[in-house]
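Contents: one structure, followed by commentary.
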Amino acid sequence: MTEHLIDAFTYPPIQRAFIACVLCGASCSLLSVFVVLMKMPLIGVAMSHAAFAGAVLGMLLDINPVLSGFTMCLLIAGVLGPLSDRTDMAPENVLGIMFSFLMGLAFLGMGILTKTKAVALNLMWGNLLSLSQSDIVVLAFITSLLLLFVLLYFKEIRSVLFNRQLALLSGVPERLIYYTLLFLTGAVVSSNLATVGGLLIFALLVQPGATALQLTYNLKYFFIISVASGIGACISGLIASYIFDLPSGAAVVLMATIIFAAAYIFSPKRRTAKLIKRSISHENDTR
Amino acid sequence: MDSFIINLDDINVRKAKSLLLEGISLSVSRNEFIGIIGPNGAGKTTLLNVIAGLEKFEGTLTLFGHNEIWRRSRETRLRIGYVPQLLQIDPAFPIMASEVVMTGAIGRLGLFRSPGRQEREKTMQLMELMRIAHLAERPLGHLSGGERQKVSLARAILQQPDILLMDEPTANLDIAVQKEVLNLINEIHQRENLTFLFVTHDFTMLPDAMQRAVLLNNGKIVFNGDIDTAMSSEMLNRLFHYPLEIFERNGRKFISYD
């Protein structure tokens, strides 16, 4: 069995899939920290549908689907930022409207697409085993941009994650951080259409962050745990899909869910939270 | 006019055709401690937000001798500290109390500079002053309301502002904890050369250091003057539309109501 696996690693498509797993896991799970801590899971949904709709439109117009997907993501990020800053509309509603509009657009595109729909469908669930060299290069570039952003602006990021308004009021360039984040979300989502696809990427934008939330109070470790669990899910999913001949995107998402479930069950934070609750009620009883 | 650190001249704030603030004119001198008091919906927070730079407005606002619009430069933002109402936070959120205090220094440090020994020492000093040094390594979500408010105060002071805006910092706290936080606010006003604007709807719990009361109702200033005059039955009845009676004991004023 192991020999068989090691053997598989000599094939370039498998090697590429392995590298893509690391990059896809790292980029999505870095983003998932923001998605989870800023409580904006819908942003992942809206962005992935923007990328998907953009890619389908790109196919219609004979443009590179990753490029058109990315352009659409940027457009949506540009609209989403100012709209969600408006006080007369709840951000959830803005995202909800955006999401359904984009889905409509994507399906409209699919409907009038005369060429084979299989390529378009591939963008929905991706395929780790059919990646090209340029897919990997783009993914690597975007992932390093995101990593650089987190490393360079870590203290500003902490302050914005904690409270956007307080960050702004104390002279932190909150807008710069927020808009860079939206831009990078678009970039990560559109460059991952080919790996896990527009539908399944949503899971990777939430689960690694949610896993880290079960395990640590330290933001640095939070990023590290999130990335480790994201990469772990991607690689174990790839191996499972190879062994059991499953669709790779689906296998990755299921592995991410299993990792989250394990973190939830063994969460030391939940245990201490219970203890604190008990000690507070005990204090009240003895008063 | 130059001696005023904050000067508002005929400020209006409109939202969806209604006036949240109407013709507000107010001058604040350096190191003054002003209470902005009024019932819910009077426009107190809106007024604070105009000064903080969170709200668009019409009229003239002068801060530190410069005319300002609602967008602010980083330099101006650094000079205005803000203590919000009790911070709601997910108990699992990954941030320690000392890290929250430290976020007050981030804007001043600027990009690409990490907090050094000086910031860490100052953080611990402020936490000691607030009697929360023992909570430094606790997650913020595990602290009680009063403890979280002290963290907020320490955070705002670490920013080294000239003006400190406080939006109902004692709301939703137990009476004993309210008193403790108010005492700390008095202490800070004595120690630091700061101009304080303290918003509250609870006129029974005012910090002793407060020097002037601005009573606000329906977006207008109805009184601006010394606290003793403000705390008269007539004035408060008008403000809160409820019969209130003021009596004095040991030189302190108390309020009773049915």
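At 10 °C and a viscosity of 1.306 mPa s, what translational diffusion coefficient does Stokes-Einstein give for the stretch B:1-146, taking Rh as the Kirkwood radius over Cα pairs? Give it in µm²/s as a whole number. Please list the in-between numbers first.
Details: Rh = 17.8 Å.
Roughly 89 µm²/s, to the nearest whole number.
Which whole-percent values make up P(r) of the stretch A:2-201 when all C-alpha to C-alpha distances are grouped in 5 Å steps starting at zero?
P(r) over the stretch A:2-201, rounded to whole percents: 1, 8, 15, 19, 18, 15, 11, 7, 4, 2, 1, 0, 0.
From the backbone phi of the stretch A:215-225, what are the Karplus-calculated ³J(HN,Hα) couplings (6.51 cos²θ - 1.76 cosθ + 1.60, θ = phi - 60°) in whole Hz, Gly and Pro given as x?
With coefficients 6.51, -1.76 and 1.60, one gets 10, 8, 9, 9, 4, 4, 4, 4, 4, 5, 4 Hz.
Return the unpartnered cysteines for the protein assembly as shown, using a Cβ-Cβ cut-off of under 4.7 Å.
Lacking a cysteine Cβ partner under 4.7 Å: A:24, A:28, A:73.
Take every residue in peptide B:80-86, count the Cβ atoms of other chains within 10 Å of its Cβ, and give the average of those counts.
On the way: counts 3, 2, 5, 1, 4, 0, 0.
Taking the mean over all residues of the peptide, I get 2.
From the backbone phi of the stretch A:12-22, what are the Karplus-calculated ³J(HN,Hα) couplings (6.51 cos²θ - 1.76 cosθ + 1.60, θ = phi - 60°) in whole Hz, Gly and Pro given as x?
Each residue of the stretch A:12-22 in turn: x, x, 5, 4, 5, 4, 5, 4, 4, 4, 5 Hz.
Would you please give the residues with an amide H less than 5 Å from that of residue B:20, counting only those at least 5 places away or on a separate chain, with H modeled from the backbone geometry?
Amide H neighbours of residue B:20: B:13, B:14, B:15.
Mind checking B:95-106 for the average number of partner chain beta-carbons within 10 Å of each residue's beta-carbon? Don't skip to the answer; put the middle values down first.
On the way: counts 10, 3, 0, 0, 7, 5, 0, 3, 12, 4, 4, 11.
Rounded to a whole number, the mean comes out at 5.
If you place +1 on the Cβ of every Lys and Arg and -1 on the Cβ of every Asp and Glu, how big does the dipole about the Cα centre of the protein assembly as shown come out, in debye to the nearest 20?
Using Cβ point charges on Lys, Arg, Asp and Glu, the protein assembly as shown gives about 700 debye.
Hey, any idea what the orientation-averaged projected area of the convex hull of chain B's Cα atoms comes to, in nm²?
15.2 nm²
HN-Hα J couplings of the stretch A:197-202 from phi, Karplus 6.51/-1.76/1.60, θ = phi - 60°, integer Hz, Gly and Pro as x?
x, x, 7, 7, 4, 3
Quick check on packing: order B:230-243, A:16-29, A:250-263 by the mean number of other C-beta atoms within 10 Å, highest mean leading. Walk me through the numbers before you get to the answer.
On the way: B:230-243: 15.6, A:16-29: 24.8, A:250-263: 20.7.
Output ranking for B:230-243, A:16-29, A:250-263: A:16-29, A:250-263, B:230-243.
Once you've got the Cα coordinates, tell me which of B:56/B:122; B:15/B:150; B:44/B:179; B:122/B:179; A:220/B:15 are over 30 Å apart.
Working: B:56/B:122 34 Å; B:15/B:150 33 Å; B:44/B:179 22 Å; B:122/B:179 25 Å; A:220/B:15 41 Å.
Checking Cα-Cα distances, B:56/B:122; B:15/B:150; A:220/B:15 exceed 30 Å.
Read-outs: derived from the displayed coordinates by stated rules, not from any lab. This one's a predicted model, so the numbers in the text were calculated from it and none came from an experiment. Ideal geometry is used to build each Cβ from the backbone, glycine not excepted, and the neighbour counts take in all protein chains shown.
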